[in-house]
1. I want the local charge near Arg146. Using Cβ-Cβ distances under 10 Å, sum +1 for each Lys or Arg and -1 for each Asp or Glu among the other residues.
2. Please report, in debye to the nearest 20, how large the charge dipole of the stretch 148-245 is about its Cα centre when each Lys and Arg carries +1 at its beta carbon and each Asp and Glu carries -1 there.
3. Along the charge dipole of the stretch 73-219, which of Leu213, Asn179, Val168 sits closest to the positive end, that is, farthest toward it, with unit charges on the beta carbon of Lys, Arg, Asp and Glu (+1, +1, -1, -1)?
4. Could you calculate the contour length gain from Thr49 to Ser120, that is, 0.36 nm times the residue separation minus the distance between their Cα atoms, to one decimal place in nm?
5. Cross-chain or 8 or more residues apart, Cα under 17 Å: how many lysine pairs in the chain fit that? Count them up, please.
6. Give me the one-decimal nm value for the distance between modelled label points at Asp172 and Asp245, 7 Å along each residue's Cα-to-Cβ direction.
7. Using a Förster radius of 51 Å, what is the FRET efficiency between Ala268 and Ser92 based on their Cβ-Cβ separation? Nearest 0.05, please.
8. Quickly estimate the mean residue ellipticity at 222 nm for the chain, helices only: each DSSP H run with n ≥ 4 gives -39500 (n - 2.57), and the total goes over all residues, rounded to 500.
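Since every read-out is calculated from the coordinates, none of them should be taken as a lab result. Predicted model, so just to flag it, every value in this text is computed and none were measured. So basically every Cβ, Gly included, is an ideal-geometry build from the backbone, and we count neighbours across all protein chains shown.
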Amino acid sequence: MHYKVERVGEVDGHPVDAITLGNEAGSSVTVLSYGCIVQSLRMPDRNGTMADITLGYEKFERYLEGHPFFGAIAGRVANRIDHGRFTLNGKSHRLECNEPTGHHLHGGSQGFNKAVWGYSIERRGDAVLLHLHHTSPDGDSGYPGRLDATHTVALTEDNALWLNFRAVSDADTIVNLVNHNYYNLSGVEGATIEDHELTLAADYVLPVDERILPTGEVLSVAGTPFDFTRPRKVGEAMAGRPDRDFDHAFALRSGGGLKPCAELYHPASGRLMTVETTQPSVQFYNGVKLSKREWFGRTGVHYPAFAGLCLETQHFPDSINRPQFPTIVLKAGALYEHKTVHRFSIR
């Protein structure tokens, strides 16, 4: 295992580095200290050809011009909070509403994805670990408590990518940290994910209303376009949706520790990604809204709708306002921790 650090720019006087972790097989991941953005993730196809399998930009400066969370961290609370309002310990809190529908999304307009993170690098066994750390002050975007967060990214010799999170707050608060990679295992910019085969370890889905907020129901996927309990072409499932859209949380089967979450396969390239997580759900987003603006990738190729899909391991959306959902409350002094591993292989 090896690593490389390159200074790529600065934000508000804070230097930004690109840290690349690589293994002897030639696979690599590059992470920016700005927003913990996974700028590049290179994995081989069945012929040994390396290619980037996530959406993103070649130059750091392009991320400053705006992007739909390509590879970034989302927090302090990922996903949506209804009108940015919640009550904790009997006290009402109001967060910034940064979504057109009037809700709080992914931590606000100045969320963790806009922060420059400090970092350290550790060698451990056959892996190199990148520990990124950030302190969010009390009142940041309206959240209570000072939160000290650590995001650890690790790559192993057997092509496992770990995306882990830890956090501690000095006051009761809410936390739901997420990596927001857009995957396209073809490695071809401009191609869509409709030919990918997706399997989810989920028998239930959380339906949403017209505002993309959960209704509070947890419904069986059986006999619906949401049934990914067996491998299913993404394009085939999309054909069963009125707007060909997926932006839904799926309740994962219960289990202690790391448990199966998802399997994504691209038949033409042979690339296979399996996902395990300690989180209770995965948000499957098929990139339907990418066509609302023009995005151009590393080689200048236009990203159309469905150019990449997200599998965001997290808690249920708007959990703080849904007492029947697993809680995202972090008590003062307690440890928030979750782990997700993506294992890459060839089939």
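1. Values: positive: none; negative: Asp138, Asp140, Asp148, Asp170.
It works out to a net charge of -4.
2. So the magnitude is around 160 debye.
3. Positive-most Cα among the choices belongs to Val168.
4. On the way: separation 71, 0.36 × 71 = 25.56 nm, distance 3.07 nm.
Between Thr49 and Ser120, full extension yields 22.5 nm more.
5. Details: Lys4/Lys59; Lys59/Lys114; Lys91/Lys331; Lys259/Lys339.
Going through the chain pair by pair, I get 4.
6. In this crude label model, Asp172 to Asp245 measures out at 3.5 nm.
7. On the way: r = 52 Å, r/R0 = 1.02.
Here the calculated transfer efficiency is 0.45.
8. Numbers: 1 runs with 5 residues, N = 347.
Mean residue ellipticity at 222 nm (helix-derived): -500 deg cm²/dmol.
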